[in-house]
Every structure is written in structure tokens, then in C-alpha cells.
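Encoded as C-alpha cells, the structure appears first; notes follow it.
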Amino acid sequence: MSANITPLANPKGVKKLCELCQKPAKLQCTRCLVTFYCNSDHQQTDWTSIHGKVCSLLVSIHTPAPFGTLQSDREHHHKETLKKQKHLVEIAHLESQRWVSKKRFQDVLPAALLFLRWATRVHGSSAVELVPAYLLLAQANIGLGSLSQAHEYLSKAEWTVMKTPGCSHTVLHQLHRTLGRLHAAMGKYTSALTHFANDVYYASEMFGLGSTVTSGGYFLMADVFLKQNKPDIAQSLYTEVANSWHTHLCKLMDGISQSSTHPEKCFDEAQCVEADQMLGCILEFEEQCVKPRPEQSAMLAHSLAMLWLLCNNYTKALEYGKKAEVLIQGLREQNRLRESIHNLLQYAGKQLE
Amino acid sequence: MSSAVSGSRTSDIYSPHKHRLTPMSKSSAERVKEDPVHPAAERVPEALRQKVCVDLLREGFPRAFAQMFALLRRWDAADPLRLHTLQQRLASAETAETHGQYGEAYDNHMFLARFFTEPEDKWLKHHFIELALHSARKFKMDSGKREAEANLHIGQVYLEKGQLERALEHYEVFYQLTMGRTWQDPSGRMHHSRSCEELQKVFTLLGQRLLQEQDYTHAIKMFNKAYQMAKESGDRGSEGEAAYRLGLAYQSTGDQKTAKQFFSVCMEIATILENADSLGRAYEAIAKSLESEGKLTEATEYLEKFAEISLSSKQDRNLEKACMCLGNILSLRKQYDGAHEHFGRAYEIACNLESVVRLQKARVCAGSARALSMMQTYHKLIETPGRQNIKTIISWKKMRHGSLSAPLEEEMKR
């Protein structure tokens, strides 16, 4: 898989640098022959993060242009290469996002760096398409605790956005969310709240007030308010989050029961884990509250049950469904919720048999 | 709020999209051009909208933020001052709600509802009244007074919109809640009596709608309910009116006996209250019922009363109506001379009123009554043959270009 190379033996003027740390390289990937590393640790890290998925694609991108006599042949080749490069950027983007969702920040870096490098090559160095890469890198660095590094990436992202008039609200929402995370990590709670509020504003413009994307911002804000020791505000924010998710999941469930086919994958695994963590955290908060609100907890347990059902994990769905059932027993009027919990338990039970 | 303002200023450093404003405000100017209804109205600049919303959220008012955001999507015309008031009130309403002080939340929402008075802001008013109702429902400290008031307001909203059924729903709640209470509004009016009055109004409107659909049975039911409400409200005037309308509904089904009963209720009340207009209408309606029953003498009596009261209260239009009715009855009874007289009077009044339609009608009626009265005489002369009679007719024939029937009558007398 790897072959040793000797830096002194390189052709004059050619420097082989490590893919991850840009030091002189001593190893070469034997599959693609275009990627170099300073040691096998770096190669291993890159392989798990992204290289394993793009190695063969890199080969085809680096294939030299065939000797074409016709202008049209050369143009065709150029177009094909560009298409492959864009595909590569896309894969790197998705992979790094996946690592972020899983909170495996160490694994984000190689993928996000590849994303940034190839996006720069395809779109130019000041294109708005680079912003997602900067944001992913910043988020990974926040997760790893290197805040100054994160700040640097975010400054680049801000600069790029500033240079792009009419920037889409999606980009602005993501930028503010990451900025908010950075400020929260730095302990600057007031400015973190401002950024999250802006994030929620843009997300609402783009996806609507009740969307789950918007509620992500609410969740992060609630966290900051908790750190500021304002649990009642956090609670009202959590209520918003819980409501959006419950409505969203109920809608997805309705889709299943109407079509009565096997549920399509509504979430991938990483998204599911992320949502589970968020809802679980809120549920825990509700249960530890001074004034417990059983209807809120029941709704959250129901949401979690639906979430796992939609991810085809019927054991967990049953577990949360039963919890919801217990929670709702003490309540009087909640007939619709009770009915849907009942239906869910039946459905999950049938799937397990 | 001052901290919010200063805080947002620092946030501008982190809002690199600020200069997006220029293209945005340009598009707003275009929008104003496209919308000729409010040419003076200026769209809230994007930055201000965002600032107002974001300020609410970062201070920890997610529900107020959501409301503000949704409102600003629809609400184009606004000045910063009003936006600020809206922002503050929404925030304090949410604080009150979070701490379970629903009375305060209600007051804030009602303030906002009264704050929007422009006709194009009506939907905002409706929106806040609805919110106020929600808060009032949760507020139990005042044994339901605020809830009752909120129901009254929302009922009015639906009445304005013409959604009678929904208005009825809320007015009924208002009625139930105020039953047996001594609550008053600031002007000293009892809430319960108000509820009866509003219900009376809605039932009447519902009844009128059913009448238009020619569903008389249900219309009578509605008018009956309205009558009961009017009785309960203690307002004799509206009780009389309700009785009159109920009578009319019975009249249109042909139940003249019941109709007359209600008309006489109306008549009694009008006599006590000395309401000439209402009394006149009652007389007229009774006369009409009597006429359809074939009791023409009695009908004439009532019509004469109607004419009398209209004359004394100087209501020319009613007087003209009375004359026309009298004329009609007399011509039914083949008393064409009398009929002609009444029609003639009606014609004169109509001339004074300068009402062309009525004038023309009276003229035609008068003419035909005159003609019919002459026909009577003529037939009498023809039917009893005799030299004298023939001579009379011939002499009349020679002279008829003169005055109308005077010669003929003179001849007859001779």
C-alpha cells in the first residue's frame, strides 16, 4: 500500500510534501501514486478520513491528457476532468460533514482540507463555495479545542462572504452558527447569542420558522443560556426545539402509514445520532426540572421513538415508545398523542416479530 | 432594552452582510411602485427587520421572535417607533407567560390589539385579540372576566369579517361566562346585558341570511332566539324590534295569527316608548296580515291609524305608503272613488318627496282607480236601457274631452 521514497532522489525542483502536514514526504500511496506522506500514521489517518474513498478518483483525475489532435477532443477531456474534480469536492464535503455529525473531529481535518484544496482549484481562491470548507474546518478545530485556528478559518469565511454580494441565506446561517459556536467556546456568551440569533433568523428565512434546521440554532442558544444560569429561557427554547422535531417526525410518520411501504431512509446514521443526542439532552433537562412537565417529556419520548423507528431501529423505538406511554398515563386530555403512541408501539412490535 | 440596542451595535462587526442592504432597499422601492394601493407606505428595511427580530431572540424570547418574524413577513408598512413598541410588548407578554402571569400577558396583547387602529392593520388587531384570548383562558384569578371580555372582542372580530357562526360561538361563551355576574365595562354597562345584545344581533343576522335562502323554519327559530335575547337584555326598544322581525318571518310563512301576536307586542312596546316610527310599522304590518286574512275592514282601520301616526310624526314616506295601502284595499273592495282619493294623496306626497318611482306608481294607480270608477257608472247606464240613459251617455261622449267625470255624474244626478 505504501512505498518508500527518498526526498533526495526526487527530480530537481519537485518537492513531494505530506498530504496532511506539508513536511517533506517519505512515503507514497501505491494505489494512486499521487499522494505522499511523511509517516505511516499520517497515511493511516488520511486513509480512514477520506483517502480510502477518493483514491481511485484521484488516479483518474491525474491521468494525463491523451495526445489529442483535435481541439474538440482536448476540450472534451478538460470537461471530463472538471466533472471528476467537482465530484471529488462533493465527496469530500459529505464525508467531512459526516465526521462532524459524529463528532469525530480528528477525522474531519483530512477530509475538510482535501475539500478546501480541491474547491480552491475548481472555483478559485475567493469563491463562496469555499465557505462550507472553512466552516467545517473551523468546527473541527473548535471541537479539538484549537480556537485560534478556528478563528483563522472563520475570518477567511467572513471575508469571503463579505466579498460576495447577495450571498445566500443558507451560507449566512451556517456562518453565524459556526461563529456562535466559536464565541460560546471562548466564553463570550453575549456575542455567541447574537450570532445564534442571526443564525436562527437566516435559517427561518430559508427553511421556515418551524423547521428542524432552525431549531438547531435554538438548541445551541439554550445551551448558552444554561451556561448563563437562565434555565427558564433555556426551557422555552427547548420547548420550541421539541415542538419542531415532534411536528417534523409526525409528518414523516404520517407519510409512512399512508404509503404503507417500507420507510425510506429519512435520515442517515449520523443525522440520527445527532438528533438523538439533542432530543435526549432535552428530555433529560425536562426530567430534572424543578417543575416537571410530563406532557412535554411524553412528547419528547414519542419523538425519540419515532426517530429510531424511522432509522429502522425497532428495539430502541419500542423502548422510548413504552417510556412515552408511561409518561402520558398520568395526563388527562392528550388523546391524539396517546393514539399515535399506541399506533407506533403496534407498528414497531409488528416489525420486530 | 437599552442593552439590546448597544449589544446589536457590537454585533454589526460580525454581520458582514450589512452592505447587502443597497440592493435590498432598491427592490423594496420597486415593490412600492408595483403596489399602487399604499404609495406612501415604505417597506421596513431589511436590516431593521433583522435587528428587531434578532434582538428579541438574543434576549431570550423565542416565541416573541417567531411572532415578530411571521408578522414582518406580512406586514410591510411600519415605522421604527411602532416596531419598537411591538417588540417591547411582545417581549413583556412572553416574560409574563413564562412566569405564569397570564393576566399581564393578556393586558399586553390587548394593548397591542388596540394599538393597531388603521384599517389595513385589521388583521394584526385580530391576531392579537386571539392571543389575548389564549392568555385569558389560562388566567383563572378573575373568575373568567378577562376570558369573557376576550370572547366579546373576538366575537366582534368575526362579526366584522362576516363569519357569523364563529362570532356566535364566542358570544355564547361570553354569555355563559357573564351569566349571574355583575361585571361592567368602563362606561358602566353590564357585561351580561351586552352579551344579550350582541347575541341578538348575530341571531338576527343569521335569521336574515336564512330568509334570503328562503329557509323560513330555521329563520323563525333564529328570530325567536334573537327575541328571547332582546327580552333578556332588558332593552325594550330592541325587544320591540326583535318581535317585529319575528312577526315578519311568521307573516312570510303565512301564519298570520302568530305574526299578529308579535306585531302587537311590538305595538305595545312602541306605545310605551312613544316610538312613532316603530308604532307605524307595527300598524302597517298588522294591516297587511289582516288583509291577507281577508279582514279588510279591520285592515283599513289599522292603515288609517298608520296614516294618522305618520302624519302626526311628519313621516311623509310612511304616510305615502299608508295612502297607497289604503287605496289598494279600497280598490279591492271596489270603492274606486275612495281609492282614487288615497292614490291621489299618495301621488302628491311622492311629488313632494321627489321620488320618481313612487310618483309614477301612485300616478298609474290613481289613473286606473279613476278609470275603474267611471267604468262602474258607464256599465250601470248601459245595463238599464232607457232613452234618458242613452242621452246621458251621448252628452257625456260629446263633453268628455273636458273635465274627467264631472259631467257624467251631474247627468246622473239629474
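The values are calculated or read from the model by the stated rules, or taken from the named source; none is laboratory data. Quick caveat, the model's predicted, so the values are computed rather than measured. So basically every Cβ, Gly included, is an ideal-geometry build from the backbone, and we count neighbours across all protein chains shown.
Assorted remarks:
- Set side by side, the residues A:Ile328, A:Ile341 differ, and just one is under 24 Å from A:Thr212 (Cα atoms), among the β-branched types (Val, Ile, Thr) and in a helix (DSSP H, G or I), which is A:Ile341.
- Positions within segment B:69-83 being more than 10 Å from chain A (Cβ to nearest Cβ) and either in a helix (DSSP H, G or I) or in contact with a strand residue (DSSP E or B) (Cβ under 7 Å, 6 or more places away or on another chain) (or both), in sequence order: B:Leu71, B:Leu72, B:Arg74, B:Asp76, B:Pro80, B:Leu81, B:Arg82, B:Leu83
- Test: residue in segment B:278-290 that is buried (at least 18 other Cβ atoms within 10 Å of the Cβ), part of a helix (DSSP H, G or I) and acidic (Asp, Glu): yes
- Selection of segment A:226-243 for residues being facing chain B (nearest Cβ under 10 Å), part of a helix (DSSP H, G or I) and touching a residue at least 24 places away in the same chain (Cβ under 8 Å) yields A:Ala234, A:Gln235, A:Tyr238, A:Thr239, A:Glu240, A:Val241.
- Count - residues of segment A:303-319 that are of a type outside the set (Val, Ile, Thr), closer than 18 Å to A:Glu269 by Cα and part of a helix (DSSP H, G or I): 11
- Residues located in segment A:179-209, provided they are more than 9 Å from chain B (Cβ to nearest Cβ) and assigned to a loop (DSSP other than H, G, I, E, B): A:Gly187, A:Lys188, A:Gly208
- So B:Leu210, is it within 18 Å of the chain's Cα centre (by Cα) and either in a loop (DSSP other than H, G, I, E, B) or surrounded by fewer than 20 Cβ atoms within 10 Å (Cβ to Cβ) (or both): yes
- Breaking point among (1) within 30 Å of A:Trp99 (Cα to Cα); (2) among the hydrophobic types (A, V, I, L, M, F, W, C); (3) assigned to a loop (DSSP other than H, G, I, E, B), for A:Val14: (1)
- Flag for A:Thr170 being β-branched (Val, Ile, Thr), under 25 Å from A:Ser146 (Cβ atoms) and away from chain B (no Cβ under 11 Å): no
- Test: residue in segment A:252-259 that is within 12 Å of another protein chain (Cβ to nearest Cβ) and free of Cβ contacts under 8 Å to residues at least 12 places away in the same chain: no
- Any hit, segment B:99-110, residues being assigned by TED's automatic domain parsing to the domain that holds B:Ala136, assigned to a helix (DSSP H, G or I) and polar (S, T, N, Q): yes
- Some residue of segment A:229-239 being surrounded by fewer than 21 Cβ atoms within 10 Å (Cβ to Cβ), farther than 30 Å from B:Ala96 by Cβ and acidic (Asp, Glu): no
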